[in-house]
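What follows is a short report on a single structure.
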Amino acid sequence: MDFREKMDEKFIGVLTDFMQSQSEESLYAAQQFSRLALEHKIPPEEIVNLQKSAMQELMPDLPPEVWHSFDILLEVMTAYGFAFREYQSLIDTQKEFKNEMEIASSVQETLLGTSVPTIDGLEIGALSVPAKQMNGDYFHFVHDGDHSVNVAIADVIGKGIPAALCMSMIKYAMDSLPEYRKDPSAVLGSLNRVVEQNVDDSMFITMFYGMYELKNHMLHFSSAGHEPGFFYSKQLDEFLDLEARGLLLGVDKDTTYKRYEQQVEIGDMIILMSDGVTECRTDEGFIERETLVSFINNYIDLPPQEIVNKIFRDLEKLQHFQLRDDFTLIIMKRVK
Amino acid sequence: MDFREKMDEKFIGVLTDFMQSQSEESLYAAQQFSRLALEHKIPPEEIVNLQKSAMQELMPDLPPEVWHSFDILLEVMTAYGFAFREYQSLIDTQKEFKNEMEIASSVQETLLGTSVPTIDGLEIGALSVPAKQMNGDYFHFVHDGDHSVNVAIADVIGKGIPAALCMSMIKYAMDSLPEYRKDPSAVLGSLNRVVEQNVDDSMFITMFYGMYELKNHMLHFSSAGHEPGFFYSKQLDEFLDLEARGLLLGVDKDTTYKRYEQQVEIGDMIILMSDGVTECRTDEGFIERETLVSFINNYIDLPPQEIVNKIFRDLEKLQHFQLRDDFTLIIMKRVK
Amino acid sequence: MEIQSCVTILNEWDIVAARQLGRNVAKELGFGTVDQARITTAISELARNIYLYAGQGQLCIDRLNEQGKTGLRIIAIDEGPGIPDIRKVMEDGFSTSGGLGAGLPGVRRLMDDFNIDSNPGEGTDIRATKWLR
Amino acid sequence: MEIQSCVTILNEWDIVAARQLGRNVAKELGFGTVDQARITTAISELARNIYLYAGQGQLCIDRLNEQGKTGLRIIAIDEGPGIPDIRKVMEDGFSTSGGLGAGLPGVRRLMDDFNIDSNPGEGTDIRATKWLR
Ligand SMILES: [Mn+2]
Ligand SMILES: [Mn+2]
Ligand SMILES: [Mn+2]
Ligand SMILES: [Mn+2]
């Protein structure tokens, strides 16, 4: 450690210089010194000792009370040194944890295996960004040949790792229900029973399930307490709520889900989201659904994936880059 | 904040006292002071300022260089104050994280839902302790009426959250294979295909699967690269390896698993474990399997659950209470 | 009411000039010695980021007087490469690690108010305020 | 080769006595001022734990001389309630939080060698060594 050896000398240099000049330049030198000291993990009690030794060398004839005062400072700073060492070890823990979370989030991606299908005549944009490393939101597309495109969007109440664990269960439950895949109300009914049986009583899941029929461009959908989406009608140039009623998954095993329908014309858009999109807390409180609509309107002529990306970036900024909830936004646009 | 207001006064008191007495008692008072200062999150630059103000009051006639030296110390400690604030915020992050992990680990417990069956004539002890909060080991018993008790023990290569995510998948895969449940080699074969398809190429799982037939006390078993267990023969008073060959789950989707057999007499024990039990790193390196055997021998007349608990406690101590890997130990003893 | 003074940051000497400016204003406005040192350290961090990662930029000090409250705002603006992932920078940086943006979370914790805006290829605009108590 | 001196910890004055003992031995063995302060702080933590959570116990200082190396070992022994989950205490304690065992991870980080043994209902035995460099 080169710095450790020269530390005394450097410190004395800075100190002498400041005693002579009292200049900002030499205070800057002191800050540079402290930066190096921190990088080399020099605990604060050693800095006090440096100070004392330097003064003993520079001004050996000071009254004994001055040296005593350094002893007291040394005693106090030794306790701060405890905190400083703990700080170093917390940084290591934190790095290890970040590293683990990165692996976990890539494992989650592989397990959930979500991808956006390419479909002639239907442009799809989708983005899901976790507030922390692990995502408690989930979306999933199933492209069923020429017949339909099915889309699921779900949100575990709660965030982070517990939510992510739940979500991986939902994924497996969905995979093992292929026969019901086509009917939104049946899908939600089955998943509701799985969640009710397997998950903690305190965990609930909201889900929107839609089946878009490719032949007649009819969207069939059901919702289990999920944030309502929007339907954009090109002809009316208006955004309508994609309202659907239904209880959260996991509350009551006997609940049933109503099925709704929406005819989709050329230029129309289906906009699905998790509550993390609207419950975006800014300096002025949560944004309103109308605010979101106005954002979408700004980009309405762009391809869906770009709209989605730009809206995320805008909302991220509004929140000073601190997401409070997982963000998921899906836009499906019929183009022919 | 009461302390903040009286801080100057208190510090001057400690300082004056030490200048007069230079006693250990008054250094102890300084340490008590620093404990309070830390509890009240007083950053280190404020301590330096306290020192400077106190000295200005107590010894106003010191040469100006002394005050300059305090200015330099203040500058250096301000940078340490950055680190100190970061420390406070890391503590908060850490607490939040611990909290999240506690929820996650209880979610995991509910999801995995492992319990030890009570069976007439067969005593079972089982303990699984994660090295971190989340467990990447897994064990599972299925008690199939009068016919058999099946036991699975598995270990994801890797620890922590990513491993836990994988394990929840394995659990669902096992739940959806009820028809194969009875045959160890078929169970491992199926799970191998699931893992191969769904999991990251870098993740592998070792698993031991055993079926204990209750009528003829025959243990049928297969292993996917799992740490070999022990078979304790009462008659021979000897521990034998429960050797079984087989590839890790997830390596090659076409691999098959051989089925082995072991006759179990009254007083015999089946001892299953994860490598976290033997790969327990002590001051003298890893413990040997013989060491483990000698530990078990110490407690051999106790009920299996007590043996398992005591061995965990012994190994925990040997490792100075820092587990490097998840620990899982199962002992099944035929008592009649 | 705002009165602004600026220093153009081109080299390390300019960091010292920015510090000096900030310290003078802080003293003038009545901030105590400890706060002066803190404000100066924050200025150092921001000026150094400009110097190291943008090459050049401006560091300005505003005197604030709003609703009877007196305050000081540091504004650091550059047209450098910008920060691609602000969320990550604001989370990850450890003050002791060096590196781009390492000091930003530290500056945020030190000041009463902190705002950052950055666009890749366009530059970065950071505003941090401290109020006199 | 070990020479041991002990202080019985019953009240707060005994903490001071244990500190004094440790400081004297540290000085004698040639530890510098900073290390003296560190050793004394570690002794304080351990003695305080005895005083607060076990009611009484012994704090001993060993002078070590092994293979030409000189060192100091702090031994803190009590027959108090013991620590039910040592793993948790060694992980969780933050030095600034107060509470049982809050200082233990800190003491471990400060010393070169740290050993703890504790059984609920039987008491706790902590040994921490620092070598002279
Ligand atoms: Mn959620
Ligand atoms: Mn949400
Ligand atoms: Mn493992
Ligand atoms: Mn293992």
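The values are calculated or read from the model by the stated rules, or taken from the named source; none is laboratory data. Please read all numbers here as calculations on a predicted model, not as lab measurements. We place every Cβ from the backbone using ideal geometry, glycine too, and count neighbours over all the protein chains shown. Accessible surface is based on the protein model in full, side chains and every heavy atom, while ligands, DNA and RNA are left aside. Shrake-Rupley method; radii C 1.70, N 1.55, O 1.52, S 1.80 Å.
Of D:Gly103, D:Gly82, D:Gly121, which has the largest mean-square fluctuation in a 10 Å C-alpha GNM of chain D? In this elastic network of chain D, the residue with the biggest mean-square fluctuation among D:Gly103, D:Gly82, D:Gly121 is D:Gly121. Among A:Gly136, A:Gly145, A:Gly250, the residue with the largest mean-square fluctuation in a Gaussian network model of chain A, with springs joining Cα atoms closer than 10 Å, is A:Gly145. Sorted from closest to farthest, the other copies place their B:Glu288 label points 7.8 nm away, with each point set 7 Å from Cα along Cα→Cβ.
The length gained on full extension between D:Glu91 and D:Asn115, counted as 0.36 nm times the residue separation minus their Cα-Cα distance, comes to 7.2 nm.
To the nearest ten degrees, helix B:289-298 and the longest principal axis of the Cα atoms of chain B are 90 degrees apart. Note on B:Trp67 and A:Glu57: with the Förster distance fixed at 22 Å, the Cβ-Cβ geometry gives a FRET efficiency of about 0.75.
Among all the lysines, which ones have a C-alpha under 18 Å from A:Lys159's C-alpha, if same-chain residues fewer than 8 places away are not counted? Within reach: A:Lys98, A:Lys132, A:Lys171, B:Lys95, B:Lys98. Ranking B:Ile119, B:Tyr80, B:Gly276 by how far each Cα lies toward the positive end of the dipole of chain B (charges on Cβ) leaves B:Ile119 at the top. Across the copies of the chain, D:Gly30 has label points (7 Å from Cα along Cα→Cβ) spaced 5.8 nm apart, shortest distance listed first.
When the GluC sites (Glu not before Pro) in the range B:212-257 are filtered for DSSP coil states and for at most 10 other beta-carbon atoms within 10 Å of their beta-carbon, the remaining sites are B:Glu243.
So, with +1 on the Cβ of K and R and -1 on the Cβ of D and E, and no other charges, what is the size of the charge dipole of the range A:3-93 about its Cα centre, to the nearest 20 debye? That gives the range A:3-93 a dipole magnitude of about 240 debye.
In Å², rounded to the nearest 100, what is the total accessible surface buried by chains C and B against each other with a 1.4 Å probe? For C against B, buried area totals roughly 1300 Å². In sequence order, the range B:163-173 has phi-based couplings of 5, 5, 4, 4, 5, 5, 5, 4, 4, 5, 5 Hz under the Karplus curve 6.51 cos²θ - 1.76 cosθ + 1.60, θ = phi - 60°, and Gly or Pro positions carry x. If the label point is 7 Å along Cα→Cβ of B:Asp144, which residues in the range B:227-270 have backbone nitrogen under 18 Å from it? Answer for this model: B:257-264.
Within the listed set A:Ile296, A:Ile72, A:Ile311, the residue fluctuating most in the Gaussian network model of chain A (springs between alpha-carbon atoms under 10 angstrom) is A:Ile72. Angle of helix D:12-29 to the longest C-alpha principal axis of chain D, folded into 0 to 90 degrees and rounded to 10: 30°. Taking amide H as placed 1.01 Å from N in the peptide plane, B:Ala224 has its amide H under 5 Å from the amide H of B:Met207, B:Phe208, B:Tyr209, each at least 5 places away in sequence or on another chain. Legend: mean number of C-beta atoms from other chains within 10 angstrom of residue C-beta atoms, peptide A:159-171, equals 6.
Rolling a 1.4 Å probe across the protein heavy atoms gives the protein assembly as shown an accessible surface of 41 Å² per residue. Per the accessible-area calculation with a 1.4 Å probe, the total area buried between chain A and chain B rounds to 6100 Å². All other residues whose Cβ lies under 11 angstrom from that of B:Gln108 are scored, Lys and Arg at +1 and Asp and Glu at -1, for a net of -2. Angle of helix D:33-49 to the longest C-alpha principal axis of chain D, folded into 0 to 90 degrees and rounded to 10: 30°.
Computed from the C-beta positions of B:Asn99 and A:Asp92 and an R0 of 22 Å, the FRET efficiency is 0.65 to the nearest 0.05.
Only protein atoms count toward the accessible area here, which uses a 1.4 Å probe; on chain B, the carbon and sulfur part of that area reaches 47 percent.
Shown for B:Val335: label points 7 Å from Cα along the beta-carbon vector, and their distances to the equivalent points in the other copies, 7.1 nm in ascending order. The accessible surface of the range D:2-131, taken with every protein chain in place and a 1.4 Å probe, is 46 percent carbon and sulfur. With every protein chain in place and a 1.4 angstrom probe, the accessible-area ranking of B:Asp275, A:Asp137, B:Asp175, largest first, reads B:Asp175, B:Asp275, A:Asp137.
Go ahead and run the numbers for FRET between D:Gln4 and A:Lys253, Cβ-Cβ distance against an R0 of 60 Å, rounding to 0.05.
Calculated value: 0.30.
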